[in-house]
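A short write-up of the structure that comes next.
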Amino acid sequence: MPNIQLTNISKKYGNKEVLSEINATIRNGECYAIIGSNGKGKSTLLKILAGVIPPSKGQITYDNLILHKNRKKIARDLGYVPETPSLYNECTVQENLELFKKLSTNKDKLSDDKIQEWLKLLQVNSELKTKVATLSKGMQYKISFIRSLINNPKVLLLDEPNANIDNDTLLQLKKELIQLKASGLTIIIVTHQLNFLTGLADRIAFLQNSLKTEITANEFFKLNKRDRKSTRLNSSHANIS
């Protein structure tokens, strides 16, 4: 699935405009990160990209297919992990994964062996017989992440993976995402943790209800270094005087 095109995407809830005239192109095989303040539309934009909610205005195309006209077809190539996992709480971890695999219509969906690999990697394999409702938010996010991979997606949408996962697992997840991207997966990620984007993101977009700017990750981290250095120098001068 090549480029994803966002054209004049806007979203209103009543009189409140959450997103305004978003235009962007997300390239095949890149990691596109969306950052910005709380309440400025990041998660809403991810939900629109996933086809969970419609925009009030504008359209999204995946490889020239209009999302709202081809939602089922496009959904087969999408993996979406919301910040608050959407799982069957009264079912066990195993039952959740078995159900989602059964519902998947993809011929190339993950094998049971591959799912087991992910369970071990993210340290979920010991909880297979546990009901989801009794697990921590971090564990639920891991299960939701594995579920999103069952379709063997071409595009992965991640909302705040750092919010609930412990640092060790987060580092492991980042390594795996880098490998998945190298294999051709397109990743769109919303996060507050800029360190998580180092070595993973190709471009970073600043969203404040509208798309304020969009730069490469290298440019962003160079600016960040320069700003931190400038702050240290100014503090030093202030102490001397």
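The values are calculated or read from the model by the stated rules, or taken from the named source; none is laboratory data. Note that the coordinates shown come from a computational prediction; the quantities given were computed from them, not determined experimentally. All Cβ positions, even for glycine, are placed from backbone atoms using ideal geometry, and neighbour counts span all protein chains on display. Quick note on the areas: whole protein, heavy atoms, side chains included, nothing else; ligands and nucleic acids left out. Shrake-Rupley method; radii C 1.70, N 1.55, O 1.52, S 1.80 Å.
If you check every pair at least six apart or on different chains, which have Cβ atoms under 8 Å apart with a residue in region 62-78 that is farther than 18 Å from S148 by Cβ and among the hydrophobic types (A, V, I, L, M, F, W, C) first and a residue that is modelled with pLDDT under 95 and open to solvent by 40 Å² or more (accessible area, probe 1.4 Å) second?
Note: pairs meeting the criteria are L65/K73.
Of these, N8, N23, which one is touching a Pro at 6+ places or on another chain (Cβ under 9 Å), in a strand (DSSP E or B), farther than 25 Å from K174 by Cα and open to solvent by 40 Å² or more (accessible area, probe 1.4 Å)?
The conditions single out N8.
What number of residues within region 180-211 are under 17 Å from S148 (Cβ atoms) and surrounded by fewer than 16 Cβ atoms within 10 Å (Cβ to Cβ)?
2
Which residues, counting only those in region 117-166, are in contact (Cβ under 8 Å) with a residue 24 or more places away in the chain, farther than 26 Å from I4 by Cβ and hydroxyl-bearing (S, T, Y)?
T130, S136
Applying the selection to region 79-111, what residues are outside any loop (DSSP other than H, G, I, E, B), under 26 Å from T191 (Cβ atoms) and open to solvent by 20 Å² or more (accessible area, probe 1.4 Å)?
Of everything in region 79-111, those that are outside any loop (DSSP other than H, G, I, E, B), under 26 Å from T191 (Cβ atoms) and open to solvent by 20 Å² or more (accessible area, probe 1.4 Å) turn out to be Y80, F100.
Pairs under 6 Å by beta carbon, first residue of a type in the set (D, E) in region 199-213, partner open to solvent by less than 30 Å² (accessible area, probe 1.4 Å) and at pLDDT 85 or above, six or more apart or different chains?
That search, which allows pairs on different chains as well, returns D202/E30; D202/C31; D202/A217.
Could you tell me which of the residues K212, K174, K181 is of a type in the set (K, R), touching a strand residue (DSSP E or B) at 6+ places or on another chain (Cβ under 9 Å) and either at pLDDT 95 or above or farther than 23 Å from L6 by Cα (or both)?
Unique residue meeting the criteria: K181.
Of all residues in region 140-179, how many are open to solvent by 30 Å² or more (accessible area, probe 1.4 Å) and part of a helix (DSSP H, G or I)?
So the count comes out to 10.
With respect to the numbered conditions (1) crowded, with 22+ Cβ neighbours inside 10 Å; (2) of a type in the set (K, R); (3) under 27 Å from N106 (Cα atoms), which one is the sole condition not fulfilled by K69?
Result: K69 fails condition (1) only.
Would you be able to say whether some residue in region 127-137 is buried (at least 21 other Cβ atoms within 10 Å of the Cβ) and over 28 Å from G29 (Cβ atoms)?
No: region 127-137 contains no residue that is buried (at least 21 other Cβ atoms within 10 Å of the Cβ) and over 28 Å from G29 (Cβ atoms).
Within region 45-53, does at least one residue satisfy the condition of being more than 30 Å from H192 (Cα to Cα), open to solvent by 40 Å² or more (accessible area, probe 1.4 Å), assigned to a loop (DSSP other than H, G, I, E, B) and not charged (D, E, K, R)?
No, region 45-53 contains no residue that is more than 30 Å from H192 (Cα to Cα), open to solvent by 40 Å² or more (accessible area, probe 1.4 Å), assigned to a loop (DSSP other than H, G, I, E, B) and not charged (D, E, K, R).
Would you check which residues across region 183-203 are closer than 21 Å to N162 by Cα and over 13 Å from the mean Cα position of the chain (by Cα) and list them?
Selection gives L194, N195, T198, G199, D202, R203.
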